[in-house]
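Scroll down for the structure; my scribbles are underneath it.
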Amino acid sequence: MKLSEIAKIIGADFRGEDCEILSMNTLKDASNNELSFIANPKYVKDMADSKAAAIIVDERTKEYVPASAVALVVDDAYWQMATLSKYFAAPLEDKDAPEAVVGEGSVVHPKATVANGALIGKNTTIMAGAYIGSQAKIGDNTIIYPNVTIYRDCVVGNNCIIHAGAVIGSDGFGFASNKLGEHNKIYHNGNAVVEDDVEIGANTTIDRAVFGSTIIKKGARIDNLVQMGHNCVFGEGSVAVAQSGFAGSTVIGRNNVFGGQAATAGHLEIAPFNTFAARSGITKSIKESGKTFAGFPLIDHKRWLKIQGKIARLIK
Amino acid sequence: MKLSEIAKIIGADFRGEDCEILSMNTLKDASNNELSFIANPKYVKDMADSKAAAIIVDERTKEYVPASAVALVVDDAYWQMATLSKYFAAPLEDKDAPEAVVGEGSVVHPKATVANGALIGKNTTIMAGAYIGSQAKIGDNTIIYPNVTIYRDCVVGNNCIIHAGAVIGSDGFGFASNKLGEHNKIYHNGNAVVEDDVEIGANTTIDRAVFGSTIIKKGARIDNLVQMGHNCVFGEGSVAVAQSGFAGSTVIGRNNVFGGQAATAGHLEIAPFNTFAARSGITKSIKESGKTFAGFPLIDHKRWLKIQGKIARLIK
Amino acid sequence: MKLSEIAKIIGADFRGEDCEILSMNTLKDASNNELSFIANPKYVKDMADSKAAAIIVDERTKEYVPASAVALVVDDAYWQMATLSKYFAAPLEDKDAPEAVVGEGSVVHPKATVANGALIGKNTTIMAGAYIGSQAKIGDNTIIYPNVTIYRDCVVGNNCIIHAGAVIGSDGFGFASNKLGEHNKIYHNGNAVVEDDVEIGANTTIDRAVFGSTIIKKGARIDNLVQMGHNCVFGEGSVAVAQSGFAGSTVIGRNNVFGGQAATAGHLEIAPFNTFAARSGITKSIKESGKTFAGFPLIDHKRWLKIQGKIARLIK
């Protein structure tokens, strides 16, 4: 898409040499044929080094645009980013892509659907009612149970088990809002990647990333009815018990264990090798390892047990 | 169904002129060819003005039946209402209805199912494995992702996105119970209506109304794994983050925001423009607007933060 | 499978007469052609009376193996049990079983799938996109809504209603873990049984048992998005409101009521006729009946209400 067209769509002034923009990305990850944006002035520090061809900015942030990038100045950069995200969204299915390739020994049930451009490995089973989207890749020796939906562009590794009704790659819950209370959808043009040896429970949902990938790392174990937000990274061998939830962009180190109905806020970093009791509410990043936490707000598990006792005695 | 037959089914005395009853409804909304009931004496105030042709009552409430209505006196009015609800339930599919009408530019995947009597608008996509029930109406420019189920009679507006595995119009969780611990299902003969510009997340469930409609209003945003109870109204532009839950008959004003795993009790009214932090437990109606709440029981968010701090210091 | 082969797979010494092992089971339930194991020394008391043909043990437990059983001594009995569970897992579908039998008056939608060896009763409806696995049995007068998945070997009784997207019989969340943080899946070779007159909500998940059955007893009512763990028994007429969760092996007596988002820990016993308020967190067995509980940790509901008031006053 031409940069001049982009400027026109969002009502920004544009002069100078036109160029082709291939996609949108974050300030940090954008390459020189990508468009970026800055919605919150606290990220101005990321602007100087951005390789983006153009950056959507507002009056507060426009002065930080590096010489290498075109500034597209608008009133509400986040809203305009949302508006543009739709233009970069892929079609629901790639009708013109070649028919899906299915590896040796794999079985696709006649009532399953594998969209054009998908790739199925060897000795993999796709059961009835499952849907594999365009350009999705499923590895070897993997089982996709009935009525699973894997959205386009998503990746599932080798030796995985995806239980019935699970959804991998649905859009993250992201939108810009204006003062009239209207919402402008942010199309999530990233994907979701499930690495090797992962088991995902029935009716669990794993959202795709807005840019880049939501990643479930090797050997993770995710139970039923778990929500994994867009752009999360769920660490190697980590465990999420049923009905736990992970808000967007939280990065979880290896071998963490989250009890049932536990939940994290978004944009946290959680160090490896911790255990969070059932219903833990994790609102801050965790820098320690080897600990057990509980409660909401979250505290050390032993202290939580003590507090429960003390409150009981206080009240009697 | 003849009123005399109805009386017979529930073992009520019936004399006088017979008439045809078309459906059941609440005291307030019943018209003069409908049957109503009163299960809880606190609603006797609604009886005087009811236009119902007949009302199922018990010994405590029979004297309040207006002259325009026939009184059907039984021991347990709620149980008998449940018994009768089955007789007014529509068939699972209308085999004899005309084939579904699909508007110009719309695509129904060959592995999707659109039942007889359904109506699909223009430029809408129904992906593989989705199910659209009889008499359901889907608007224009709407996307129904794979393995979505939309029950019969439900309505989805224009420009909506319904993510994979979502269920719209399943029966509400209602039944009468007796002293033996048996339950008598209340068939939910209302529907669910999703207005225009709504996005609904993966594996979210929206129950149909017992009478009338569960309504998701224009521009609402509902994340994954959310439960919306029967007869709820979810306000224009309101937002429900993943794993939140709304018990039956709660009416939520516009532009409320509910954090992840937040929940409301049933039969509440929530004024517009409030924010409820993640895991809020809302057990009373909210009359104020523009506030932020948290906790369970629910309190002002700032006060909640203070209390957490004080408890921590008390305990140390 | 020959016992000598089993010993070889898990690296245990084996001498003496070989025999055919048909399946794995608990110490208590194993018969004399089954293999058992002991992972936790606190269960040594169950060893003396076990009829198992062989028991996987470690150095701490090997001396308790009764004379009737062969001891297979390994470093990590739980890990090796997991390893072996895969060998006893049935295939995903029984290709060679006879075609499914469908009773008189039943309707299977052409877009539903009923695997070989399944048995459908009379006057039952299997709607589009539903999946019924091999050897599964569905009773009479039952409704299976669209996109439901019933795994192989599971049983659904008469007069049941299974709402859209529900999953019955997915694998329980069980695995052995080693010191490297790797997990070894325990294949769940039991099943899930839903007795007569049960209604199960949309997108609810009911896991199959590791051995034996997860059981939803007669007349139970389970709402949407509920998680029922492997080997749970959910009592006759008991009620689980939306988003509640039940961890593995908990046995719930008749006519209990669990409010929305309530949850239990695993391996509990809950006496009949109790009520648990919304979001109750039940971590200990309940021996009383006829009570109402609330909170997390769980206390008497009236006391919980008092404590909430006192905390509020303390803080002011």
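The values are calculated or read from the model by the stated rules, or taken from the named source; none is laboratory data. Bear in mind that the values here come from a model prediction, so they are computed numbers and not experimental data. No Cβ is skipped: glycine too gets one built from the backbone with ideal geometry, and neighbour counts run over all protein chains shown. Accessible surface areas use protein heavy atoms only, side chains included; no ligands, DNA or RNA. Shrake-Rupley method; radii C 1.70, N 1.55, O 1.52, S 1.80 Å.
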**Complete:** Taking region B:282-302 and the residues there that are within 24 Å of the chain's Cα centre (by Cα) and outside any loop (DSSP other than H, G, I, E, B), the one that is farthest from C:A312 (Cα to Cα) would be B:I286
**Complete:** Flagged in region A:71-91 as buried (at least 21 other Cβ atoms within 10 Å of the Cβ) and in a strand (DSSP E or B), in numbering order, are A:L72
**Complete:** Restricting region A:165-179 to residues that are within 14 Å of chain C (Cβ to nearest Cβ) and either assigned to a strand (DSSP E or B) or among the acidic types (D, E) (or both), the one surrounded by the fewest Cβ atoms within 10 Å (Cβ to Cβ) turns out to be A:S170
**Asked** Could we say that B:A128 is under 27 Å from B:V155 (Cβ atoms) and either open to solvent by less than 60 Å² (accessible area, probe 1.4 Å) or not hydroxyl-bearing (S, T, Y) (or both) here?
**Response** yes
**Asked** Just wondering, is there one or more residues in region B:217-230 that are assigned to a loop (DSSP other than H, G, I, E, B), more than 10 Å from every other protein chain (Cβ to nearest Cβ) and within 21 Å of C:G165 (Cα to Cα)?
**Response** yes
**Request:** Filter region C:180-198 down to residues that are within 11 Å of chain B (Cβ to nearest Cβ) and open to solvent by 20 Å² or more (accessible area, probe 1.4 Å), then give me how many there are.
**Result:** 1
**Message:** Tell me yes or no: at least one residue of region A:111-120 is in contact with a Ser or Thr (Cβ under 6 Å, 6 or more places away or on another chain) and more than 30 Å from A:L225 (Cβ to Cβ).
**Reply:** yes
**Request:** Inspect all residues belonging to region A:134-142 and state whether any of them is farther than 26 Å from A:G219 by Cβ, open to solvent by less than 30 Å² (accessible area, probe 1.4 Å) and without any contact (Cβ under 8 Å) to a residue 60 or more places away in the chain.
**Result:** yes
**Count - residues of region B:223-244 that are under 13 Å from the mean Cα position of the chain (by Cα) and of a type in the set (G, A, S)** = 1
**Message:** Here is a check on your reading of the model: is A:N178 of a type outside the set (A, V, I, L, M, F, W, C), assigned by TED's automatic domain parsing to the domain that holds A:D223 and touching a Gly at 6+ places or on another chain (Cβ under 9 Å)?
**Reply:** no
**Prompt:** Among the residues of region B:55-70, is any assigned to a helix (DSSP H, G or I) and open to solvent by less than 40 Å² (accessible area, probe 1.4 Å)?
**Reply:** no
**Request:** Residues being within 11 Å of another protein chain (Cβ to nearest Cβ), open to solvent by 10 Å² or more (accessible area, probe 1.4 Å) and more than 30 Å from A:Q80 (Cβ to Cβ): count how many of those fall in region A:148-164.
**Result:** 2
**Request:** Among the residues of region A:180-213, write down those that are under 20 Å from A:A39 (Cβ atoms), not in a loop (DSSP other than H, G, I, E, B) and not acidic (D, E).
**Result:** A:H183, A:N184, A:K185
**Item:** Residue list for region C:4-53, filter: open to solvent by 60 Å² or more (accessible area, probe 1.4 Å), part of a loop (DSSP other than H, G, I, E, B), without any contact (Cβ under 8 Å) to a residue 40 or more places away in the chain and closer than 21 Å to C:N184 by Cβ
**Value:** C:N40
**Prompt:** Tally time: how many residues in region B:240-262 are more than 9 Å from chain A (Cβ to nearest Cβ), of a type in the set (A, V, I, L, M, F, W, C) and in a loop (DSSP other than H, G, I, E, B)?
**Reply:** 2
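Any residue at all in region C:303-316 that's in a loop (DSSP other than H, G, I, E, B), over 17 Å from C:I216 (Cβ atoms), more than 25 Å from the chain's Cα centre (by Cα) and not assigned by TED's automatic domain parsing to the domain that holds C:M228?
Checked region C:303-316: at least one residue is in a loop (DSSP other than H, G, I, E, B), over 17 Å from C:I216 (Cβ atoms), more than 25 Å from the chain's Cα centre (by Cα) and not assigned by TED's automatic domain parsing to the domain that holds C:M228.
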**Request:** Test A:F273 against the stated conditions and say whether it is closer than 29 Å to A:H163 by Cβ, among the aromatic types (F, W, Y) and outside any strand (DSSP E or B).
**Result:** yes
**Leading residue by the ranking (farthest from the chain's Cα centre (by Cα)) among those in region A:92-123 that are on the phi > 0 side of the Ramachandran plot and open to solvent by less than 70 Å² (accessible area, probe 1.4 Å)** = A:G105
**Message:** Would you confirm, using the coordinates I've provided, whether B:G295 is touching a Cys at 6+ places or on another chain (Cβ under 8 Å) and either touching a residue at least 60 places away in the same chain (Cβ under 8 Å) or farther than 19 Å from A:H183 by Cβ (or both)?
**Reply:** no
**Whichever residue in region C:266-281 is surrounded by fewer than 19 Cβ atoms within 10 Å (Cβ to Cβ) and either closer than 17 Å to B:G281 by Cβ or more than 11 Å from chain B (Cβ to nearest Cβ) (or both) and, among such residues, is farthest from the chain's Cα centre (by Cα)** = C:T275
**Message:** I'd like to check something: does region A:274-292 contain any residue that is within 20 Å of B:R279 (Cα to Cα) and either touching a residue at least 24 places away in the same chain (Cβ under 8 Å) or not assigned by TED's automatic domain parsing to the domain that holds A:I215 (or both)?
**Reply:** yes
**Prompt:** How about region B:282-298: which of its residues are touching a strand residue (DSSP E or B) at 6+ places or on another chain (Cβ under 6 Å), of a type outside the set (V, I, T) and buried (at least 19 other Cβ atoms within 10 Å of the Cβ)?
**Reply:** B:F293, B:F296, B:L298
**Request:** Could you tell me which of the residues B:K86, B:K62 is under 27 Å from the mean Cα position of the chain (by Cα) and of a type in the set (D, E, K, R)?
**Result:** B:K86
**Asked** For C:T214, all conditions in the list (1) open to solvent by less than 10 Å² (accessible area, probe 1.4 Å); (2) farther than 15 Å from B:E182 by Cα; (3) out of contact with any strand residue (DSSP E or B) (no Cβ under 6 Å at 6 or more places or on another chain) hold save one; what is the number of the exception?
**Response** (3)
**Message:** Step by step: first the residues of region A:102-129, then only those that are more than 24 Å from A:P91 (Cα to Cα) and assigned to a strand (DSSP E or B), then the one that is farthest from the other protein chains (Cβ to nearest Cβ). Which residue is that?
**Reply:** A:V107
